[in-house]
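One structure is given here, and the rest of the page talks about it.
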Amino acid sequence: MNQRGKLSRIKILPEGLSNKIAAGEVIERPASVVKELLENAIDAQSSRILLEVENGGRSLIRISDDGIGMGHDDALLSLERYATSKIDSDRDLFSIRTLGFRGEAIPSIASVSRMILISNDQPDSPGTEIHIEGGKIKNVLQVGAPKGTMVTVKELFFNIPARRKFMKEPRTEMGHIADIFDRIALGHARIHFDLLSDGKPLKRYSIAESPFVRVMEIFGKTARDQMIRLDLKTPEVSLSGWISTPKETRSTSRWIYIYVNDRFVRDRIVMHALLEGYRGKMVKGAFPAAVLFLQIPSDQVDVNVHPTKNEVRFLKSHGIHESISSHVRDALHKAGQFHWIPVAKLPASDVSVSETIASYVSESGTKESHLDQRISKECRPCSQNSIWASPPLDILRVIGQFRNTYILCETRDALILIDQHAAHERILFERIKNMEKTEENPGQRLLIPEVIELGFREMEWLERLMIPLAGFQFEFEPFGKNSMVVKTIPSILSGADITRILTEMVEHAAERGFPPSIEDVIDHSLAVMACHAAVRANQSLAREHMEGLVDDLRKCVNPAHCPHGRPVFIQWSLNFLEKEFQRIV
């Protein structure tokens, strides 16, 4: 529409603008360039790939491979839009067997950068060097070059200031690049990968005899004892890979890697099928670690769904879902991880409930049990906060424990039910938070320092948190590229699983990205510590312990909620109870 509200005349966009629009579909940030070029190198049958990055990809991205390379004419044709060596007919669009096609990314990248393409398909002949600036070829040379291809991308988005302005700081962009590098390396164990950042080696994955060797390189050596093998063949799908035991949960889905015909994808059907296989064995909100390799007939999967090729569409989605979920369920059962006994056959004190932070937090930030919701609805006139004002907490009398989970208390005119875990969480959270102001809780030196292995982004966050966490009696020391030695911990965490606590802390930070302030991450980290150190559900407590919890709760700044927003208590007024029992009308 023009300014007068009339339709403007239709016109063909200039080629340069069309190329920029096409680039915007696939090139979102430096990591997008890395993904497209790595996939092209793999399609070129490379056995060794080197990725060099400077300034988080802002200044330079260079990928060199020893693949089949291109001759002079093919190198020039590769810069034309929709030029490809991988498609011959429209039938091929629905039977793609390679990684690199959705219109090909080379011309898109070239249109928003200063690019140098060097390629050679004959080791005894000169290679071709092409200089491109903003999509325009500036120079073509004959050069000495080994067999293979080297693509250098400089000053990404130099001609699109608005897009360049929205790139994040180099550390953040490098984190995204490292994630892409790991995803692709994990899916291609028979290729040697090297990653250099600002001239320094960052990651190296040598050719692996089996995919599981590469899994251990990326997940850490502890994966050897924590992963269960998958191996399934049906008419719809061939599935191989590894999944973690239900005890080894993660707070996010970042450690789930799904590959369809060697292509890393984010697929809701496969993800749902995987989690369905864990149903009843893992609390809601927790995630396993998993590496799934799916091989599906190429004419039964459409990879040409999204410009970034991260999504796919299955022809027989129901059968694939059912095959995966049932196989995961069977694999967990055969591994002997769980021996379920009906709750009705167990004494009340033997019923075990597994809890994590994720079980308390929903999409809206809090989670109520069905009992909480029902009582909240029935007792709406009873104000939760009134208990702390009148009558005061110090006149609460402990009268027992219900199912080793809730502390029963009474006041002069109310019955109170306190969630012992949530209450202890609140107490510990405020106690840990006050450590910086006092010297009452000295750190505990570990007799045997604990080594923790993390991914690139998680390690980056732990390094950022080293100084703030020192105020809470943590002491760390770098131990290699992606490892940290824990030497001292807060005494309040004595006996806790330190590796799991720290992993949950930094995975949450990495998942959220960089928040407005470090304080948000510190608060969540303290909440994680409090959760792991607090008494659990189904834990029998002596009266003295329960009375101590109630007394400590009285001293809290915010005794009504745990650090994650869950209510610490519910109450029924005497008036409400007498009405329910028809003692009063």
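Against the conditions (1) touching a residue at least 24 places away in the same chain (Cβ under 8 Å); (2) in contact with a helix residue (DSSP H, G or I) (Cβ under 6 Å, 6 or more places away or on another chain); (3) of a type outside the set (D, E, K, R), where does Ile584 fall short? Just the number, please.
Only one criterion in (1) touching a residue at least 24 places away in the same chain (Cβ under 8 Å); (2) in contact with a helix residue (DSSP H, G or I) (Cβ under 6 Å, 6 or more places away or on another chain); (3) of a type outside the set (D, E, K, R) is unmet by Ile584, namely (1).
For region 528-544, how many residues meet the condition of being surrounded by fewer than 17 Cβ atoms within 10 Å (Cβ to Cβ) and not in a loop (DSSP other than H, G, I, E, B)?
2
Just give me the residues in region 202-220 being under 17 Å from Arg457 (Cβ atoms) and without any contact (Cβ under 8 Å) to a residue 40 or more places away in the chain, in sequence order.
As a first pass, look at region 202-220 and keep what is under 17 Å from Arg457 (Cβ atoms): 202-203, 217-220.
Answer for region 202-220, where residues must be under 17 Å from Arg457 (Cβ atoms) and without any contact (Cβ under 8 Å) to a residue 40 or more places away in the chain: just Glu217.
Filter region 449-502 down to residues that are under 25 Å from the mean Cα position of the chain (by Cα), closer than 22 Å to Arg171 by Cβ and of a type in the set (Gly, Ala, Ser) and give me whichever is surrounded by the fewest Cβ atoms within 10 Å (Cβ to Cβ).
Gly480
Assess whether Ala223 counts as being of a type in the set (Gly, Ala, Ser) and without any contact (Cβ under 8 Å) to a residue 24 or more places away in the chain. First the steps, then the outcome.
Numbers: of a type in the set (Gly, Ala, Ser): yes; without any contact (Cβ under 8 Å) to a residue 24 or more places away in the chain: no.
In short, no.
Filter region 393-413 down to the residues that are touching a residue at least 40 places away in the same chain (Cβ under 8 Å) and among the acidic types (Asp, Glu) and list them by number.
Within region 393-413, Asp394, Asp413 qualify.
Can you name every residue in region 147-189 that is out of contact with any Lys or Arg (no Cβ under 9 Å at 6 or more places or on another chain), closer than 23 Å to Gly67 by Cα and open to solvent by 60 Å² or more (accessible area, probe 1.4 Å)?
Lys147
Mind checking whether some residue in region 215-230 is at pLDDT 90 or above, open to solvent by 30 Å² or more (accessible area, probe 1.4 Å) and of a type in the set (S, T, N, Q)?
no
Out of the helices (runs of 4 or more DSSP H) lying entirely within region 384-477, which hold 1 or more residues that are modelled with pLDDT of 85 or more and farther than 21 Å from Leu493 by Cα?
Working: elements: 386-389, 420-433, 456-470.
So the answer is 456-470.
Could you look through region 134-146, keep only residues that are touching a helix residue (DSSP H, G or I) at 6+ places or on another chain (Cβ under 9 Å) and part of a strand (DSSP E or B), and pick out the one that is most open to solvent (accessible area, probe 1.4 Å)? Let's see the steps before the verdict.
Restricting attention to region 134-146, the residues satisfying the condition of being touching a helix residue (DSSP H, G or I) at 6+ places or on another chain (Cβ under 9 Å) are 134-137, 140, 142.
Subset that is part of a strand (DSSP E or B): 136-137, 140, 142.
Numbers: Lys136: 113, Ile137: 84, Val140: 60, Gln142: 153 Å².
Checking each candidate, the answer is Gln142.
Where in region 161-269 are there helices (runs of 4 or more DSSP H), lying wholly inside it, with at least 3 residues that are among the charged types (D, E, K, R) and over 29 Å from Leu502 (Cα atoms)? Break it down stepwise before answering.
On the way: elements: 161-165, 170-186, 211-219, 223-226.
Passing ranges, in order: 161-165.
Go through (1) part of a strand (DSSP E or B); (2) free of Cβ contacts under 8 Å to residues at least 40 places away in the same chain one by one and return the number of the condition Lys487 breaks.
Among (1) part of a strand (DSSP E or B); (2) free of Cβ contacts under 8 Å to residues at least 40 places away in the same chain, Lys487 violates only (2).
Please enumerate the residues belonging to region 236-279 that are free of Cβ contacts under 8 Å to residues at least 60 places away in the same chain, open to solvent by 20 Å² or more (accessible area, probe 1.4 Å) and not hydrophobic (A, V, I, L, M, F, W, C).
Ser238, Ser240, Glu248, Ser253, Arg266, Arg268, His272, Glu276, Arg279
Of the residues that make up region 555-571, is at least one open to solvent by 60 Å² or more (accessible area, probe 1.4 Å), within 22 Å of Phe287 (Cβ to Cβ) and either touching a Gly at 6+ places or on another chain (Cβ under 6 Å) or outside any helix (DSSP H, G or I) (or both)?
Checked against the condition, which is being open to solvent by 60 Å² or more (accessible area, probe 1.4 Å), within 22 Å of Phe287 (Cβ to Cβ) and either touching a Gly at 6+ places or on another chain (Cβ under 6 Å) or outside any helix (DSSP H, G or I) (or both), region 555-571 yields no hits at all.
The values are calculated or read from the model by the stated rules, or taken from the named source; none is laboratory data. Since the structure is predicted, the reported quantities are computational estimates derived from the model, not experimental observations. FYI the Cβ positions are ideal-geometry reconstructions off the backbone, even for glycines, and counts take in every protein chain you see. These accessible areas exclude ligands, DNA and RNA; they are computed on the full protein's heavy atoms, side chains included. Shrake-Rupley method; radii C 1.70, N 1.55, O 1.52, S 1.80 Å.
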